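Colleague: My questions all concern the structure below.
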2 protein chains.
Amino acid sequence: MDATYTALGKHGYADLTIQTIADEFSKSKSLLYYHYDAKDDLLVDFLDWLVEEFASEVGADPAGNPEDRVRDLFEMLVPEDDGSEGIRLSLLELRMRAPRDERFAKRFDALDERVQAEFAAAVREGIARDRFRDVDAEFVADTLYSLATGTTVRRLTTDYDGESAQRGLDDVIDRLRA
Amino acid sequence: MDATYTALGKHGYADLTIQTIADEFSKSKSLLYYHYDAKDDLLVDFLDWLVEEFASEVGADPAGNPEDRVRDLFEMLVPEDDGSEGIRLSLLELRMRAPRDERFAKRFDALDERVQAEFAAAVREGIARDRFRDVDAEFVADTLYSLATGTTVRRLTTDYDGESAQRGLDDVIDRLRA
């Protein structure tokens, strides 16, 4: 899965092959060929792994207060100039395959549900702890996730600097505060 | 350009060929082959055409009041169940090529600047006509465009229904009102 992550980030979906993944794989390459006939089969398993990774990352050590939990999640979704552009772009390319391949559709549904649930849980925690007003947590979660997704798409594909996304996040949090 | 629009919506970027475009073309097919060696050359011209189409569509008959102008633009960007899903998905696939091909990058920069400028112009018009508070029009435009883009990506690739985007738009407009 690490090898797939690296190869996908380097080559993008279109130029990814089992061979380019094998090139990043320190263990037996024949093992990889034994398990996977086609790159899409491997990518389906990769997406399952990614959903698990995401779930364990956000679940492991949630920030001390609900506001930081919302911020941390938003910032995890929006790329910085941190070298993650390749893998993020490739994941968007994979996402575009969802309407044409239901195996991908199922994984992106699962991923998005997980992200949405995490945003909503952070907002609900803020309400329960009297930090946030009694808002519709699912609606706020939707807004934050769409804002993060749109910012990511624009940052990766145009010269948009994404600065206003941070300000947009501050705005949403200001309005959440009790 | 109409033939390209139709073929791209039907086949998506990966399966698009000059032949699939020629199949939608009522005039001389040899003319098409004479002008374009590769599908990407044709798609670059297609994107130029699309930016022009967008500019003339939003410029031709702006809604009577600034609020409707903002709404009309937002709704133009977010897909309804209107059969436009194919072409919208294919345009997102093209957009993902921008970081790997600067000809595409240039066109999506131009398109996004045009959309951003139109949102900002609508907000500034609202301020000038005392319908909206004296907000930062560029920031509001960025927020609306990212929200619309993220909603579109999620709607096209998962079972997200996009309902909260309409509510998000209402929210933004409520806060704009003077």
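Colleague: Dipole of chain B (Lys/Arg Cβ +1, Asp/Glu Cβ -1, origin at the Cα centre): which of B:104, B:46, B:21 lies farthest to the positive side?
Modeller: Of B:104, B:46, B:21, it is B:104.
Colleague: Can I ask one more? Each residue of the stretch B:18-24 in turn: what ³J(HN,Hα) in whole Hz from Karplus with 6.51, -1.76, 1.60 and θ = phi - 60°, glycine and Pro shown as x?
Modeller: So the J values, rounded to whole Hz, are 4, 5, 5, 6, 4, 4, 9.
Colleague: Something else: To the nearest Å, what is the center-to-center distance of the stretch B:1-18 and the stretch B:43-84, using C-alpha atoms only?
Modeller: Here the answer is 20 Å between Cα centres.
Colleague: Modelling each spin label as a point 7 Å along the Cα-to-Cβ direction, I'd like the residue B:76/residue A:35 distance in nm, to one decimal.
Modeller: Here the answer is 4.9 nm between the modelled labels.
Colleague: List the aspartates and glutamates whose Cα lies under 13 Å from the Cα of residue B:106, skipping any in the same chain that are fewer than 8 positions away.
Modeller: A:159, B:45, B:48
Colleague: Only Lys, Arg, Asp and Glu count, each charged at its Cβ (+1, +1, -1, -1), so figure out the dipole size of the stretch B:44-176 about its Cα centre, rounded to 20 debye. Intermediate results must be reported in sequence, preceding the final value.
Modeller: Working: 18 positive and 33 negative charges, 79 e Å.
With only Lys, Arg, Asp and Glu charged at Cβ, the dipole is about 380 debye.
Colleague: Quick check on chain A: helices-only [θ] at 222 nm, where DSSP H runs of length 4 and up contribute -39,500 (n - 2.57) each and the sum goes over total residues. Nearest 500, please.
Modeller: Working: 9 runs with 134 residues, N = 178.
Roughly -24500 deg cm²/dmol at 222 nm, from the helical runs in chain A.
Colleague: Distances from residue A:31 to the same position in the other copies: list them in nm, one decimal, shortest first, using label points 7 Å from Cα along Cα→Cβ.
Modeller: When each copy's label point is compared with this one, the spacings are 6.0 nm.
Colleague: Which lysines, if any, have their Cα less than 23 Å from the Cα of residue A:29, not counting same-chain residues under 8 positions apart?
Modeller: Answer for residue A:29, where 23 Å is the Cα cut-off: A:10, A:39, listed by chain and number.
Colleague: Assuming a viscosity of 0.692 mPa s and a temperature of 37 °C, what translational diffusion coefficient in µm² per second does Stokes-Einstein assign to the protein assembly as shown, Rh being the Kirkwood radius over Cα pairs? Can you show the working numbers first?
Modeller: Working: Rh = 21.8 Å.
Result for D is 151 µm²/s.
Colleague: In the stretch B:44-176, with Lys and Arg counted as +1 and Asp and Glu as -1 at Cβ, which of these residues, B:55, B:153, B:73, has the Cα nearest the positive end of the dipole, that is, farthest along it?
Modeller: B:153
Colleague: Roughly how crowded by other chains is peptide A:89-100, in terms of the mean Cβ count from those chains within 10 Å of each of its Cβ atoms?
Modeller: Values: counts 5, 1, 0, 6, 5, 2, 7, 13, 5, 5, 7, 4.
Mean partner-chain Cβ count within 10 Å for A:89-100: 5.
Colleague: Using Cα centres only, tell me the gap between the stretch B:159-178 and the stretch A:119-171 in whole Å.
Modeller: So the separation of the two Cα centres works out to 13 Å.
Colleague: Which ³J(HN,Hα) values, rounded to whole Hz and listed in residue order, are derived for the stretch A:97-106 from phi using the Karplus coefficients 6.51, -1.76 and 1.60 in 6.51 cos²θ - 1.76 cosθ + 1.60 with θ = phi - 60°, glycine and proline given as x?
Modeller: Here the 3J(HN,Hα) series is 7, 3, x, 9, 8, 5, 5, 5, 3, 4 Hz.
Colleague: Further, regarding this structure: Provide a whole-number value for the mean count of partner chain Cβ atoms within 10 Å of the Cβ atoms in peptide A:169-178. Write down the numbers at each step before the final one.
Modeller: Numbers: counts 0, 0, 3, 1, 0, 0, 2, 0, 0, 0.
Across the residues of A:169-178, the mean count of other-chain Cβ atoms within 10 Å is 1.
Colleague: Counting pairwise Cα distances across the stretch A:63-163, what percent come out greater than 18 angstrom?
Modeller: I get 53 percent for the Cα pairs in the stretch A:63-163 exceeding 18 Å.
Colleague: Show the residues, 5+ positions off or on another chain, whose built amide H is closer than 5 Å to the amide H of residue A:132.
Modeller: Distant-sequence amide H within range of residue A:132: A:127, A:178.
Colleague: At residue A:83, with labels set 7 Å past Cα in the Cβ direction, how many nm apart are the copies from this one, shortest first?
Modeller: Sorted ascending, the copy-to-copy spacings read 4.9 nm.
Colleague: How large is the Kirkwood hydrodynamic radius of the stretch A:104-178, in angstrom, based on all distinct alpha carbon pairs?
Modeller: Values: mean 1/r = 0.0747 Å⁻¹.
It works out to 13.4 Å.
Colleague: Okay, next question. Might you report the magnitude of the Cβ-based charge dipole of the protein assembly as shown about its Cα centre, with Lys and Arg at +1 and Asp and Glu at -1, to the nearest 20 debye?
Modeller: For this selection, approximately 200 debye.
Colleague: Could I ask something else about it? In debye, nearest 20, what is the charge dipole magnitude of the stretch B:129-178 about its Cα centre with +1 on Lys and Arg Cβ and -1 on Asp and Glu Cβ, if you could check? Walk me through the intermediate numbers first.
Modeller: On the way: 8 positive and 11 negative charges, 23 e Å.
About 120 debye.
Colleague: Across the Cα atoms of chain B, what radius of gyration and what greatest pairwise Cα-Cα distance (Dmax) are found, in Å?
Modeller: In Å, with Rg to one decimal and Dmax whole: 18.0, 58.
Colleague: Note down the relative contact order for the stretch B:44-176 as a percent, whole number, built from C-alpha pairs under 8 angstrom at least six residues apart. Display every interim value, and only then the final one.
Modeller: Working: 96 pairs, mean separation 37.7, N = 133.
It comes to 28 percent, rounded to a whole number.
Values quoted throughout were computed directly from the atomic coordinates according to the rules given, and no laboratory measurement underlies them. No experiment lies behind these values; they were computed from the predicted model shown. Because the Cβ atoms are built from the backbone with ideal geometry, glycine has one as well, and the counts that use them run over all protein chains shown.
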